2 protein chains.
Amino acid sequence: MRGKSKICPHRAECHIGIDLLGSEVPPQELLKAIIAFRPALKASILLTVLGTDDLYQKLGMLPDGIVFHAVSEMITMEDDPLYAIRHKKRSSLYQGLQMLKERHLDAFISTGNTGALMAGSKLLLSTLPGVERPALLTLLPTRTCDLAVLDVGANTSYKAKHLVQFAFMGIAFQRSRGITVPKVGLLNIGSEARKGTPELRTAYEALKEKSDSSSFTFVGNIEAREVFQGGVDVLVTDGFTGNIFLKTAEGIGMVILEELEIFAHEKDPSLKAAMTNLRQHLHYAEYPGALLCGVKGIVIKCHGDATTQSVLSSIHSAARLVGHRFLETVNAF
Amino acid sequence: MRGKSKICPHRAECHIGIDLLGSEVPPQELLKAIIAFRPALKASILLTVLGTDDLYQKLGMLPDGIVFHAVSEMITMEDDPLYAIRHKKRSSLYQGLQMLKERHLDAFISTGNTGALMAGSKLLLSTLPGVERPALLTLLPTRTCDLAVLDVGANTSYKAKHLVQFAFMGIAFQRSRGITVPKVGLLNIGSEARKGTPELRTAYEALKEKSDSSSFTFVGNIEAREVFQGGVDVLVTDGFTGNIFLKTAEGIGMVILEELEIFAHEKDPSLKAAMTNLRQHLHYAEYPGALLCGVKGIVIKCHGDATTQSVLSSIHSAARLVGHRFLETVNAF
């Protein structure tokens, strides 16, 4: 690891790795934003940025609290996930996971190839006891609370038992945020118990049976239309449906913001005040990335086209999860 | 059929049946709105409203162009679809479909039990040649065009061949709207050909093979986030995913409108101008219901909690589909 930092990695309270490669944001631009953002973080947080050697050569001195880890390979969005993980061991993605495994890092953030990040996490970190498949969890703002939605893209095929495991990971996540008895719902196309696929019906019965006023409350099936009204802490779904759900919300949010911006620019500059609020609620690109739940390590995946803001939000998220001992909470559940 | 109308049913250019029962809107309220709306329609359009006998007793004289068809049974949202269709033959839903089959109606609009409407349509009207499963099609506004999305809720299980059939129904629908070479996309979680479920991958290959510059263009996989930017005329998906997609869009739309309304009320009354535009783009409850494609008859399903406006928009839709000979277009395709 190159670079210079006054914080010794072994003394840092929280050591976060950030993969600068694989995103649509140029690595130097991302690094510039991280450097500008560094003073907003606690001094006890150490950031290790992973990038190519030529980027390192171009760099001047890095500020306190940031070190550079130079790599000689890169996993691209086009790479086959399994092949890439097996053969590109000098890539930023592989190296970051390796550092997490060896406890040199407490958390790792990547904007790269989702499949490779998942395959690498399963291979290097392995899954937590009772978890067969990791899931991507994202926090979504609703009218009344922040909702944990999972899986938003890790598994396109699934069985009922996986949905139940996702529910328990979501519950542990919300507990680490201070919600002691989270409300859990199943994303479905109607509220009646018989709605949806056979897997959803089986998961419904299993969650209903396990629901217990002291650990979590199962509120049943939730229609996508109702989700944003709030009242649910954990929304359980498969990776295909969850991804469609999340991206639809993002897509509508983007179109509305753009339309309002045009209107505000042309007709009503005072509208800009309303938009600041709305942007915070809708512009999911500014929200932290998704947490890869169920592996023995804190791994956060940002969109490939993530704005710099999303990566910066993820640093805050990662620090919070480390501080709240998220892994221990999931493990103890 | 009771009631009095100066238009003889046999001379009406377009005869539309409307089921007053099964929606969350009280039948008398829906009827009142239809009566108020009647003058906005062409004189050659005849509306037959289907409701219970006791509602008929309370009615005064109906205006020209509306007749009342009294029924003695009702299919509720809780009824098992197949059982209801087999045993409630005096219900408004069954009677409406029967009238459509016997060509007493050109189109039928219902806000009732979706499963019963679908089962009844398949049973009474039967499917068009080459169509194994009917699909619910809805028209969605995007930045540049009106997009036909199907299936939005008829089939929760499906095979690749059904997706291909949905694509062809969507193409025929857009042709009846004057788009001669529609652009067709598959709703998926990434744009690459290998993304999604095995069914999606097979459908992708089949559509790519059939794509032909003279009849339709297959534009490949479309992510939910990109859909609202426009550029696609037909979006193909299964009934589960399509329903989640549609209801997520509705849910976000509702929350945004409500937030903006509060802001406009409190701080910026001038915002109301922007909201009228936005409402038309977002408030899907005001959009026409979904067309049940692939059966030998024009059947439109409005949400169970449809606003009256949605039913009225559906009357316009139905009249347009009859006028443009939609069924002949689908059949000829």
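Compute the long axis of helix A:308-323 from its Cα atoms, compare it with the longest principal axis of the Cα atoms of chain A, and write down the angle in degrees, 0 to 90, nearest 10. Once rounded, one gets 80 degrees. Size descriptors for segment B:63-195 (Cα atoms only): Rg and Dmax, in that order, 17.5, 58 Å.
Computed from backbone phi with θ = phi - 60° and the Karplus coefficients 6.51, -1.76 and 1.60, the 3J(HN,Hα) list for segment A:207-214 is 6, 4, 5, 7, 4, 8, 4, 9 Hz; x is used for glycine and proline.
Extents of the protein assembly as shown, taken as max minus min of Cα coordinates on every principal axis and listed largest first, are 91, 58, 50 Å.
Summing charges over all other residues whose Cβ lies under 10 Å from the Cβ of residue B:182, with Lys and Arg as +1 and Asp and Glu as -1, gives +2.
Placing a pseudo-label 7 Å from each Cα along the Cα-to-Cβ vector at residue B:61 and residue A:266 gives an inter-label distance of 4.8 nm.
The C-alpha atoms of chain B define a longest principal axis, and helix B:92-101 lies at about 70 degrees to it. The phi-based Karplus calculation (6.51 cos²θ - 1.76 cosθ + 1.60; θ = phi - 60°) puts the 3J(HN,Hα) values of segment B:85-90 at 5, 6, 10, 10, 7, 9 Hz, whole numbers, x for Gly and Pro. With the simple spin-label model, which puts each label point 7 Å out from Cα in the Cβ direction, the residue B:309 to residue B:258 separation comes to 1.6 nm.
Considering only A:87, A:162, A:265, the Gaussian network model of chain A with Cα springs below 10 Å gives its largest mean-square fluctuation to A:265. When Rg and the Kirkwood radius Rh are both evaluated on Cα atoms of segment A:129-289, their ratio Rg/Rh stands at 1.03. Angle between the Cα long axis of helix A:271-282 and the longest principal axis of chain A, 0 to 90 degrees, nearest 10? Roughly 80 degrees between the two axes. For residue B:65, the amide hydrogen comes within under 5 Å of the amide hydrogens of B:6, B:7, counting only partners 5 or more places away or on other chains and with H modelled in the peptide plane. Would any residue of segment B:122-148 have its amide N under 14 Å from a label point 7 Å out along Cα→Cβ of residue B:98? List them or say none. Zone members listed by number: B:124-125.
Annotation for segment A:147-203: trypsin sites (Lys or Arg not before Pro) lying in DSSP loop with at most 14 further Cβ atoms inside 10 Å of their Cβ are A:194. Sequence-ordered 3J(HN,Hα) estimates for segment B:38-44 from the Karplus curve with 6.51, -1.76 and 1.60 and θ = phi - 60° stand at 3, x, 6, 9, 4, 4, 7 Hz, glycine and proline given as x.
Segment B:83-126: which trypsin sites (Lys or Arg not before Pro) are DSSP loop and have at most 16 other beta-carbon atoms within 10 angstrom? For trypsin sites (Lys or Arg not before Pro) across segment B:83-126 that sit outside H, G, I, E and B with at most 16 neighbouring Cβ atoms in 10 Å, the list reads B:89, B:90, B:103. Remark: for residue pairs A:88/B:195; A:301/B:159; A:159/A:247; A:122/B:159; A:161/A:210; A:195/A:301, the C-alpha separation exceeds 20 Å in A:88/B:195; A:301/B:159; A:159/A:247; A:122/B:159; A:195/A:301. The Kirkwood radius of chain A, taken over pairs of alpha-carbon atoms, gives through the Stokes-Einstein law at 10 °C and 1.306 mPa s a diffusion coefficient of 77 µm² s⁻¹. Taking GluC sites (Glu not before Pro) across segment B:149-215, the ones in a DSSP loop with at most 16 further Cβ atoms lying within 10 angstrom of their Cβ are B:192.
Computed from the coordinates by the stated procedures, all read-outs in this text should not be read as laboratory data. Being a predicted model, the structure only gives us computed values, none of them experimental. Virtual Cβ from ideal backbone geometry, glycine too; neighbours counted across all protein chains shown.
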